[in-house]
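What follows is a short report on a single structure.
The values are calculated or read from the model by the stated rules, or taken from the named source; none is laboratory data. Every value quoted in this text rests on a predicted model; they were computed, and no experiment measured them. All Cβ positions, glycine included, derive from the backbone under ideal geometry; neighbour counts span all protein chains shown.
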Amino acid sequence: MLDNNQLLRFTTAGSVDDGKSTLIGRLLYDSKSIFEDQLEAIENTSKKKGHEGVDLALFTDGLRDEREQGITIDVAYRYFTTPKRKFIIADTPGHIQYTRNMVTGASTANAAIILVDARHGVIEQTKRHSFIASLLQIPHVIVCINKMDLVDYKEDAYNKVIQQFEEFSSKLLVHDIRFIPISALNGDNVVNRSENMNWYQGAPLLHTLETMHISSDINKVDARFPVQTVLRPQSDDDNRDYRGYAGRVASGIFRVNDEVTVMPSGFTSKIKSIDVLDKSLNEAYAPMSVSLTLEDDIDISRGDMIVRSNNKPEALQDIEVMLCWLNDDAAKPRAKYSIRHTSNEQKAMIKEVIYKINIETLDRNTEDKSLNMNDISKVKIRTTKPLMVDPYRENRTTGSIILIDDATNETVAAGMIV
Amino acid sequence: MSKYYLNYLDELESEAIFVLREVWAQFDNPVILFSGGKDSILVTHLAKKAFYPARIPFPLMHVDTGHNFPETIKFRDDIIKELGAQLIVGSVQDSIDEGRVAEEKGKNATRNALQITTLLDAIESNNIDCAIGGGRRDEEKARAKERFFSHRDDFGQWDPKNQRPELWNIFNGKHFEGEHFRAFPISNWTEMDVWNYIKRENIAIPSLYFAHEREVVWRQDSWIPNSEFLILEDHEEIVTKKIRFRTLGDITITGGIESDADTLEKIADEVSGMRQTERGNRSDDKRSESAMEDRKRQGYF
């Protein structure tokens, strides 16, 4: 692997029958990422179950209950590497009752693979997966039209799916959509170019994943640095005067001598140094973890945000959020929750449910005010102190929140600031 | 603007540092679980980066089975001295002596499962609310679903079907008295990533990882090192081989592979051509299809 190789995170959503597990198994198998002992284990299980040959789908089934039931119920992470990139797959279940798992897998993804069965075309599930990709602002969507072997590798079937997809996707906010005709079972256009579909001029899936331009996906304009903790060496160490603000650049670029403002206090200063273990840097950009020191002695603590003075986020106590409910227990009306936004934590109350989205039809329901598991709703939230926010579509880090139920400590909801 | 992106190793490093700083910010009394293996050495190195120029602000904890490679213990003591860190040792021998656990019997007996009790006892008696581990999701299928911040109930148990959702990089470490968390900063690293990074950063690791001559016996498809704990079967024979270890666990269960790789470069090359997973040489994982999941549910690393 070369030094400039990037990391690409992609998500797959799919249900039992659409070939998702087979596709992932195929990607791993053909890119030689499955080890012999893993393959042996799968071969044994395949035999026990009476399958012919090796069932590649078994490779992605993790926990005992899932192996027994043959379903994927949680997000599982898979890894493979090619000479061009390292890949992390967030493998999620596709049924509507697992919407929260899909949302989780989508939250960190650079790309989404959406599987469509060539025989059935765009179905409700396709729309749901596409909507989630759009809602979570996954920058790239790859629609894999699978099971082309079952429609005799005909171009018509492929074109029909594209047309169906484009009809409804105009309502979504996805900037980059690509279509690839594949057969995961036979390996057509997954790693190797298919010899059965000469009419397809585009690249196979793996090549697409390897070459897709992702470095401009990160917001490089709005410089945001949420402070995680303050580094102050003990008095018996060297550097006892050091006072560094540790964090990970959420977006934008910080340079030494930049004029910065600390929010919410509003104090201004200049960046004195940008430090990592072995050296000091001239600049830091997302998603680097660094320590900043400032020219002036200002009271800064976890939850504060350092931003460039000429470009500040809004400090808001009332926010509108697209909220996905993640918990078995429904939201209690006007209940208080802890809200986490970057490194900041406050108390919050859901003031109003504006509408709930029917994620099969994308229709808005303004009557149903309940928030149940897997619901996606637009809500108004009020916090006890201001949060320094950007809209989610501009900034996935400073535009996202979670809600925690103080009675159980569980993460009950995830939200994207409108 | 094209130069403003990180390569994969820098991105993994940045993510791990972020997680370590979150642990420090969200917990009162975290420790690094330090086994002397490459993954816990890597986590310790990343912690040094995360808090520099301050020292690593929490202790290292070693669950000592008593079945150690002597090289591992020396390495542990050296690194503690260098970091100026505090070391907490939880002793499996003590757990046995106190009657908390019973030793397994027979030739394949190991102290692997006994560690769970010692670990949970050490966590409780030291009031630890977060134990940072070097677990990676690529190691084993039960670990593929592990969170960065992983909740353990007041019996130290993992409930894989009821895990907290983890979205973006917002980690929820809230817990009640008596509960604790496991944190896994290198969740997203693969074995290859670990070696590439160790090579790049020139991180010191125990000599056991490099090819060396050693007395071994062929058992369960790998070379098990000779030690005072080894019970030979009639048909087994001790031979001297040039081997190295891909992972380090107890000396009783960690199998070596024949190898000439005696530098970090050669190890990285060798690993990139490997066709077996690293845990394939660990007899603790061979016991059943869900061996790891079952141990993890009870509180294993």
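So the values come out like this:
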| read-out | value |
| --- | --- |
| Answer from A:Ser289, A:Ser251 - the residue that is under 25 Å from the mean Cα position of the chain (by Cα), farther than 24 Å from B:Lys48 by Cβ, small (Gly, Ala, Ser) and within 13 Å of another protein chain (Cβ to nearest Cβ) | A:Ser251 |
| Set B:Arg100, B:Arg55: member being charged (D, E, K, R), part of a loop (DSSP other than H, G, I, E, B) and under 30 Å from B:Ser227 (Cβ atoms) | B:Arg100 |
| The one condition in (1) free of Cβ contacts under 8 Å to residues at least 40 places away in the same chain; (2) away from chain A (no Cβ under 13 Å); (3) surrounded by fewer than 18 Cβ atoms within 10 Å (Cβ to Cβ); (4) not hydroxyl-bearing (Ser, Thr, Tyr) that B:Phe210 fails to fulfil | (1) |
| Counted residues, the range A:109-125 - those being surrounded by fewer than 20 Cβ atoms within 10 Å (Cβ to Cβ) and under 29 Å from A:Ser400 (Cα atoms) | 1 |
| Check on A:Ile88, at pLDDT 75 or above, assigned to a helix (DSSP H, G or I) and within 13 Å of chain B (Cβ to nearest Cβ) | no |
| Index of the failed condition, A:Ala13 passing every other in (1) modelled with pLDDT under 80; (2) in a loop (DSSP other than H, G, I, E, B) | (2) |
| Residues located in the range A:104-119, provided they are within 9 Å of chain B (Cβ to nearest Cβ) and assigned to a loop (DSSP other than H, G, I, E, B) | A:Ser107, A:Thr108 |
| The range A:231-248, residues that are at pLDDT 95 or above and aromatic (Phe, Trp, Tyr) | A:Tyr245 |
| Residue check for A:Met349: surrounded by fewer than 21 Cβ atoms within 10 Å (Cβ to Cβ) and without any contact (Cβ under 8 Å) to a residue 60 or more places away in the chain | yes |
| Residue that is nearest to the other protein chains (Cβ to nearest Cβ) [pool: residues in the range B:150-181 that are surrounded by 23 or more Cβ atoms within 10 Å (Cβ to Cβ) and outside any loop (DSSP other than H, G, I, E, B)] | B:Phe181 |
| The range A:377-401 - residue that is in contact with a Phe, Trp or Tyr (Cβ under 8 Å, 6 or more places away or on another chain) and in a strand (DSSP E or B) and, of those, surrounded by the fewest Cβ atoms within 10 Å (Cβ to Cβ) | A:Lys378 |
| Residue tally, condition within 12 Å of chain A (Cβ to nearest Cβ) and either part of a loop (DSSP other than H, G, I, E, B) or among the basic types (Lys, Arg) (or both), over the range B:30-52 | 3 |
| Total residues in the range A:321-376, condition of a type outside the set (Ser, Thr, Tyr) and assigned to a strand (DSSP E or B) | 25 |
| Near pairs, Cβ below 8 angstrom, 6+ apart or cross-chain, from the range A:202-230 (within 10 Å of chain B (Cβ to nearest Cβ)) to any residue that is assigned to a helix (DSSP H, G or I) and at pLDDT 95 or above | A:Gln228/B:Phe18; A:Gln228/B:Arg21; A:Gln228/B:Glu22; A:Gln228/B:Ala25; A:Thr229/B:Arg21; A:Thr229/B:Trp24; A:Thr229/B:Ala25 |
| Identity of the residue in the range A:218-230, modelled with pLDDT under 95 and surrounded by fewer than 19 Cβ atoms within 10 Å (Cβ to Cβ), that ends up nearest to A:Pro139 (Cα to Cα) | A:Lys220 |
| Pair list, Cβ < 6 Å and 6+ apart or interchain, from the range B:1-29 residues that are within 7 Å of chain A (Cβ to nearest Cβ) to residues that are surrounded by fewer than 21 Cβ atoms within 10 Å (Cβ to Cβ) and among the acidic types (Asp, Glu) | B:Asn7/A:Asp3 |
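Condition check ((1) among the basic types (Lys, Arg); (2) surrounded by fewer than 21 Cβ atoms within 10 Å (Cβ to Cβ); (3) not assigned by TED's automatic domain parsing to the domain that holds A:Arg382) across all residues:
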| residue | (1), (2), (3) |
| --- | --- |
| A:Val249 | no, no, yes |
| A:Lys270 | yes, yes, yes |
| A:Asp297 | no, yes, yes |
| A:Val321 | no, no, no |
| A:Cys324 | no, no, no |
| A:His341 | no, no, no |
